[in-house]
Amino acid sequence: MTEDKTLTTASGIPVADNQNSLTAGERGPILMQDFYLMEKLAHFNRERIPERVVHAKGAAAFGTFTVTHDITRYTKAQLFSEVGKETQVLLRFSTVGGEQGSADAERDPRGFSMKFYTEEGNWDLVGNNTPVFFIRDPLKFPDLIHTQKRHPQTHLKDADAKWDFWSLSPEALHQVTILFSDRGTPKNHRHMDGFGSHTFSLINDRGERVWCKFHFKTMQGIENFTAEEATQIKGEDPDHATRDLFEAIDQGNYPKWRFCIQVMTEAQAAEYRESPFDLTKVWKHSEFPLIDVGILELNRNPQNFFAEVEQAAFSPSNVVPGISFSPDKVLQSRIMSYADAQRYRLGANYQQLPVNQPKCPVMHYQRDGAMAPGNNGGSGPNYEPNSHEDAPKQNSAYADPAWDLGNVKVDRYDHRKGNDDYTQAGDLYRLMKPDAQQRLVANIVESLSAAKPEIQMRQLCHFFRADPNYGRQVAEGLGIAIDPSMMPAAAQPIGV
Ligand code: HEM
């Protein structure tokens, strides 16, 4: 017997004619009775949902995470419970500022969003390809993003806005230095590292906490475009990285990353020279070496982009027992922001969409809401406390250990006070070979030269404070003469 391939309406009713509308006479008009035509047109009108407010352009693939080293002394998270254990994952790469149709080769940080489908719920690690970020206070995030998007009047990308904000926000200098270096234009998604960026905590089965940072080291090797190559590929193939990822996996050339952690004890954190929770800073590998944990491999392309990539919802609030948060203010605010965005973008029951559904039992008392698929809790109670023996119950075995915050006061603290925004950006510049420094400076000059002179001067001071040569090179590139007698003073880290 051959499978019946009869076309149907969305309600499963067989369709007799999908080419000709129902009309009164050969020349029309169309009858209201043609509900199938109405259904097709009305559904088409509703095909678009809001794109992500940031990171709109992306590509994703499924894969496997395999534990290669034991870290159970740090965490009781079940996905790390034994060497050799495999967990299914989804990884979405993205650019930040562009729209869904924008070019993959833009100079921009790249998103690196992971969903681990563990037996104790989904763990989402929503990071970037950079270990740091532009800001350390989340109150500045919407303003930062406005400067990366389009001007309210011209609808163009705006150098003044970007550099105005950055020059008034020197905590951005470390990330700006990465962004304008070779790593600002990765060759594709496979040839770059990923970072959880924030400080998180790991909790072991004795209830002991350590602070931790997550790293993914590409096993394909880091490869970047020069600024010229990036410009060229934007014109030739704006989707080059999306294509590269799909084709590599399609051909069985599965990309892999080493998954590593850095660990800092609470005692080390208390003694640390700066805040270990400052997202604009790295922990030096010489002090906190990388510890190998496992291998991540991408080995399955999505079957349907909208269902499995556009509808995917990653959120830093999704942590599983054994992994938890830190006082990092930016992380704290992201815990709220993502689920809120997804309720707006996808609807109240977005966690029930197949790509977001955990691969473990889900038991709670939330009910109803738009588009509630499944049995919606069936005949079980929809309240707690209750006396139903079979109903879901809380389990204190999963409680995180208490956070000792000492005698802290809740206040709005000046995040720039006592913070050095220059040394690590300068260290990074000094680490680069002369040719890499030249490309960094050329990229900055190309962008900054389009900003107003007073903004250029303000930003120039930051480069000088990071390293006098960094400042001098950018000044030369901009054609700005610098009075050498000003140099030592300008090189001193001062607040703006
Ligand atoms: C996406 C907010 C900082 C990485 C998003 C989305 C929002 C958001 C609302 C869209 C979510 C969606 O519609 O599904 C914020 C806020 C931040 C912040 C309020 C700071 C206050 C960061 C940082 C990183 C990051 C520091 C990386 C370290 C990402 C990535 C995505 C994203 C990778 C795309 C997720 C995906 O692939 O679906 N962000 N973000 N964001 N953000 Fe952030």
Inset, instruction - Show the residue pairs that are 6+ apart or on different chains and have beta-carbon atoms under 6 Å apart, the first residue being within the range 401-425 and within 30 Å of ASP205 (Cα to Cα), the second being open to solvent by less than 100 Å² (accessible area, probe 1.4 Å) and not in a loop (DSSP other than H, G, I, E, B). - result: PRO401/ARG209
Inset, instruction - Considering only the range 295-344, state which residues are touching a Gly at 6+ places or on another chain (Cβ under 8 Å), outside any helix (DSSP H, G or I) and among the β-branched types (Val, Ile, Thr). - result: VAL320
Inset, instruction - Output the residue which, of all residues in the range 385-419 that are assigned to a loop (DSSP other than H, G, I, E, B) and hydrophobic (A, V, I, L, M, F, W, C), is least open to solvent (accessible area, probe 1.4 Å). - result: ALA391
Inset, instruction - May I ask you to list pairs of residues, at least six apart or on different chains, whose Cβ atoms are under 8 Å apart, with the first in the range 171-196 being in contact (Cβ under 8 Å) with a residue 60 or more places away in the chain and under 11 Å from PHE225 (Cα atoms) and the second being open to solvent by less than 10 Å² (accessible area, probe 1.4 Å) and more than 15 Å from the ligand (Cβ to nearest atom)? - result: SER181/LEU440; ASP182/LEU440; THR185/ALA105; THR185/ALA230
Inset, instruction - Output yes when any residue across the range 51-61 is assigned to a helix (DSSP H, G or I), open to solvent by less than 70 Å² (accessible area, probe 1.4 Å), touching a residue at least 12 places away in the same chain (Cβ under 8 Å) and farther than 25 Å from ALA399 by Cα, and no when none is. - result: no
Legend entry - Among the residues listed as ASN419, ASN443, ASN407, the single one being under 27 Å from the mean Cα position of the chain (by Cα), over 30 Å from ALA77 (Cα atoms) and at pLDDT below 95: ASN419
Legend entry - Qualifying residue in the range 362-384 (condition: touching a helix residue (DSSP H, G or I) at 6+ places or on another chain (Cβ under 8 Å), open to solvent by less than 60 Å² (accessible area, probe 1.4 Å) and either of a type in the set (Lys, Arg) or farther than 24 Å from HIS55 by Cβ (or both)): yes
Inset, instruction - Write out, first by first residue and then by second, each pair whose Cβ atoms fall under 8 Å of each other, whose residues are 6+ apart or on separate chains, and whose first residue, in the range 92-103, is within 17 Å of LEU179 (Cβ to Cβ) while the second is among the aromatic types (Phe, Trp, Tyr). - result: PHE93/PHE112
Inset, instruction - Check GLY111 against each of (1) within 16 Å of the ligand (Cβ to nearest atom); (2) without any contact (Cβ under 8 Å) to a residue 60 or more places away in the chain; (3) more than 21 Å from GLN332 (Cβ to Cβ) and name the one condition it does not meet. - result: (3)
Inset, instruction - Taking VAL282 as the residue in question, decide whether it is of a type in the set (Val, Ile, Thr), open to solvent by 20 Å² or more (accessible area, probe 1.4 Å) and more than 19 Å from ALA59 (Cβ to Cβ). - result: yes
Inset, instruction - Could you please tell me which pairs satisfy a Cβ distance under 9 Å, a separation of 6+ or placement on different chains, a first residue in the range 19-47 that is under 24 Å from ARG345 (Cβ atoms), and a second residue that is exposed (fewer than 10 other Cβ atoms within 10 Å of the Cβ)? - result: HIS43/ALA10
Legend entry - ASN253 being open to solvent by 20 Å² or more (accessible area, probe 1.4 Å), free of Cβ contacts under 8 Å to residues at least 60 places away in the same chain and not aromatic (Phe, Trp, Tyr): yes
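The values are calculated or read from the model by the stated rules, or taken from the named source; none is laboratory data. On a predicted model such as this, the values are computed, not experimentally measured, just so you know. Because the Cβ atoms are built from the backbone with ideal geometry, glycine has one as well, and the counts that use them run over all protein chains shown. For accessibility, only protein heavy atoms count, side chains too; no ligands or nucleic acids. Shrake-Rupley method; radii C 1.70, N 1.55, O 1.52, S 1.80 Å.
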